[in-house]
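Colleague: Please find one structure pasted underneath; my questions will follow.
The values are calculated or read from the model by the stated rules, or taken from the named source; none is laboratory data. Here the structure is a predicted model, which is why all the values come from computation and not from measurement. Please note: Cβ atoms are built from the backbone with ideal geometry, for glycine as well, and neighbour counts cover all protein chains shown. The accessibility values were calculated without ligands, DNA or RNA, using every heavy atom of the protein model including side chains. Shrake-Rupley method; radii C 1.70, N 1.55, O 1.52, S 1.80 Å.
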Amino acid sequence: MLATGPCADARVAVFSEPDFPYYIAPPSVTPEFVRSCLHEAGIEAALVSAAQLADETAFSADRYKVLAWVYGNTFPVAALENLRRFHARGGYFVAFGGVPF
């Protein structure tokens, strides 16, 4: 069954960075797996890199409503201020294991 209504139009980003470390999170839950599951549910998602997360023009609450996080208790330090800004402006985090921030 495909999602309809507000969920179908959700703007979702999935953080994806090659060789990024997992900590207190299952490495079997990959960004590609999450994006695939969302797609099957009728929700399109974009993979975003660490550089994109740090860039307010590439990643913001105006552009995305939700950030899916698979890496557990790790995050790119260079993106911290923009991630805080994203949340302060109404963006949501969904973490698959651990507490990234």
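Colleague: Looking only at region 43-72, count how many residues are closer than 17 Å to residue 30 by Cβ and of a type in the set (Phe, Trp, Tyr).
Modeller: The number of residues fulfilling the criteria is 2.
Colleague: So for region 1-10 (the condition being at pLDDT 90 or above, of a type in the set (Asp, Glu) and over 13 Å from the mean Cα position of the chain (by Cα)), does at least one residue qualify?
Modeller: no
Colleague: Could you say which residue among 71, 92, 23 is in contact (Cβ under 8 Å) with a residue 40 or more places away in the chain and under 12 Å from the mean Cα position of the chain (by Cα)?
Modeller: Selected residue: 71, the only one of 71, 92, 23 that is in contact (Cβ under 8 Å) with a residue 40 or more places away in the chain and under 12 Å from the mean Cα position of the chain (by Cα).
Colleague: Which helices (runs of 4 or more DSSP H) sit wholly inside region 16-101 and have at least 3 residues that are open to solvent by less than 30 Å² (accessible area, probe 1.4 Å)?
Modeller: Counting at least 3 such residues, we get 80-88.
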